[in-house]
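Contents: one structure, followed by commentary.
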Amino acid sequence: MNPPGARMQVRNARADAETFRARAIVGFLLIAACLGMLASRYLFLQVYRGAEFGETSDKQRISVRSVAPSRGLIYDRNGELLADNVAAFRLEVVPEAVEGGRKGMDRMLAELGDVIAISDDDIERFKSARVKKKAFESVPLRLKLSEDEIARFSINRWRFPGVEVVPYLTRAYPLGPLFTHVVGYVGRIDAKELERLDANDYAGTTHIGKTGVERWYEDELHGAPGSETVEVDVDGRVRRKLDSVAPTPGKNLYLSIDARLQRAAEEALGPRLGAAVAIDPRNGEVLALVSEPDFDGNLFVNGIGQADYTQLMQDPRKPLLNRAIAGGFIPGSTIKPYAAAAGLELGLRTPTDTVVSTGEYHIPGQARGYRDDFPAGRVDLKLALAWSVNTYFYSLAYDLGIDRFSGFLAKFGFGAKTGIDVAGEAPGVLPSAEWLRATRGQPWYAGYTVNVGFGQGFWVVTPIQLAHALTIVAAQGANRPPHVLRATQSGVGAPVQNAPLPLPGPNVGTHASTWKAIEEGMWLAVNGPPPSTVSGLGKDFPYAIAGKTGTAERFSRYDETWTTIATSSADRHQVLFECFAPAEEPRIAVVVALESGHSGATDAAPVARQILDAWLKYDDDAR
């Protein structure tokens, strides 16, 4: 019952129904609109952009990974292996599988070090590499495990979850130090190299040639990377392999060097600091190229330890210096055959012209004398070469003048790189008035010309330069650049193809009489009686040897007083010897350069004779 006075309200059922119907229609329209929007969005995504999103989805699900090519092998001329790819084993760590986070990782490394030797350098490289990878990707920790280390780890493997022994290929140099200065070595690609390299060409590759042939022929040795297409999960883990493209291995290289002659040259040099080079003057092929002291390139392949690197860098003998192509030597009297060629070819001398040697030479109008330790009297070109008479070449250089002198000797390649296909060559110094003005801002004086005329003064030559110049004399002016690549091979089983010879340089000289006169003087130096400088060196050798010694003063001398120099003559001199054989039809030219010694005749020449004896033993053409 309604309270007294209240009015009774009556609901209008019809109005309520109309209101409900209106609200239902509005709700339905809203729902329909939302469904329409969803349908149109679905249509837009699936039809109009379906292909785009499908491609994006595949990219997230499918990963294309690069596969590094196998690096080409390097052999000597007889097929002896000089650079190889060998199977090795390394420790790898998957960081996410190591429990305990950073502290757990440090604890694991410490405990693992009790089982297998792990250096501070190993740990530093591991931590550096770990930063660049995802937690589930394995990171190398220790390379080149020995069989004993693998066995010890296998017994303790249960203690180190996430640590595995993994096989891999690594570069190896089976002859160790013997060929390091020629073949060079590979090392890990550094940041600067990464910037200049084509990312596609080096995808998946971790190492690159650093020195020597490995660097010079990097493009040939490297090959081309392949790829594999894999399906991965959302975390990037590989689920299955879908497709693969095999990488193209690098070319195998065959060098002109004979490992047997190389070994003989190294043994002949012994512990002395210096270099030896042997070249076939008929084609420019380098038969031996030795620099002492040497070092083991295997140390650098997987990252040299700090202790080893410090030892090499601080070694006063500088084993990292390739003295054969970058060592700076004062040529001394070994320059005389080339000075003689200048005089003959430019018409200032004939083979029969003579000069009187009294023991001292004076520039016309000057009081100062230039010493000649051998007052030989009247000598022609042949005797001047055989007895190494300085006065003859003082006079010749003065008459030529520095411009003609340096201009002609440049034709032999002095003062410029020979272009030998071994990375790291130095150009040396060919003295000239222009060079002195450019480098020191000083004028040229006539006394300088006299000094450079017998291989002193501002001269700097490398053994490979001297050997190249010697082959020009041996080949009677033919200019055949030195090189070490003999042949290539595109993979195992493929035919070995001869490499094209470097383009010859311009011939030096036009008169056959020039080379005949020089050859006779160099022949007499070896085969004539004393005072020929290396009389008797050719004894019991089946072919005639033509040679020239060089004993270069490393410090200035006035009268009998040496300045800033020890009393030992071995410390005062760089000593050299150059020769070719057979003298009448040369097939080998040899240069030996030592950083210290008494004389070229007593120290360098015997080394060259041992190299010639080895050539006679091993070379088929020589026997």
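The values are calculated or read from the model by the stated rules, or taken from the named source; none is laboratory data. These figures come from a predicted structure and were not determined experimentally. Every residue, glycine among them, receives a Cβ derived from its backbone with ideal geometry; neighbour counts consider all protein chains shown. We work out accessible area using only protein heavy atoms, side chains counted, and drop any ligands, DNA or RNA first. Shrake-Rupley method; radii C 1.70, N 1.55, O 1.52, S 1.80 Å.
Laid out as a table, the results:
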{"read-out": "Candidate residues 210, 411: accessible-area rank, largest first, probe 1.4 Å", "value": "411, 210"}
{"read-out": "Calculated percent of Cα pairs over 30 Å apart (choose from [x] 54; [y] 70; [z] 64), label", "value": "[z]"}
{"read-out": "Accessible area (Å², 1.4 Å probe, nearest 10) - residue 309", "value": "90 Å²"}
{"read-out": "With all protein chains modelled, accessible area of residue 99 [1.4 Å, Å²]", "value": "140 Å²"}
{"read-out": "Angle in degrees between helix 259-269 and the longest Cα principal axis of the chain, rounded to the nearest 10", "value": "60 degrees"}
{"read-out": "Sequence of 374, 393, 20 from largest to smallest accessible area, 1.4 Å probe", "value": "20, 374, 393"}
{"read-out": "For residue 70, solvent-accessible area (1.4 Å; no DNA, RNA or ligand), Å²", "value": "50 Å²"}
{"read-out": "For the chain, accessible area per residue (1.4 Å probe, heavy atoms of protein chains only), Å²", "value": "50 Å²"}
{"read-out": "On Cα atoms only, tilt of 390-409 relative to the major axis of the chain in degrees", "value": "40 degrees"}
{"read-out": "Which of 439, 211 is most accessible, then next, and so on - probe 1.4 Å", "value": "439, 211"}
{"read-out": "Folded to 0 to 90 degrees: helix 13-43 orientation relative to the chain principal axis, Cα", "value": "20 degrees"}
{"read-out": "Distant-in-sequence amide H partners of residue 423 (H built 1.01 Å from N, under 5 Å)", "value": "212, 213, 215, 216"}
{"read-out": "Residue 311-residue 143 FRET efficiency (beta carbon distance; Förster radius 22 Å; 0.05 resolution)", "value": "0.65"}
{"read-out": "Residues with amide H under 5 Å from that of residue 491, placed H, sequence gap 5 or more", "value": "252"}
{"read-out": "Estimated distance in nm for a label pair at residue 107 and residue 129, the labels positioned 7 Å out from Cα along Cα-to-Cβ", "value": "2.5 nm"}
{"read-out": "Mean ellipticity per residue at 222 nm, deg cm²/dmol - from DSSP H runs of n ≥ 4 across the chain, formula -39500 (n - 2.57)", "value": "-10500 deg cm²/dmol"}
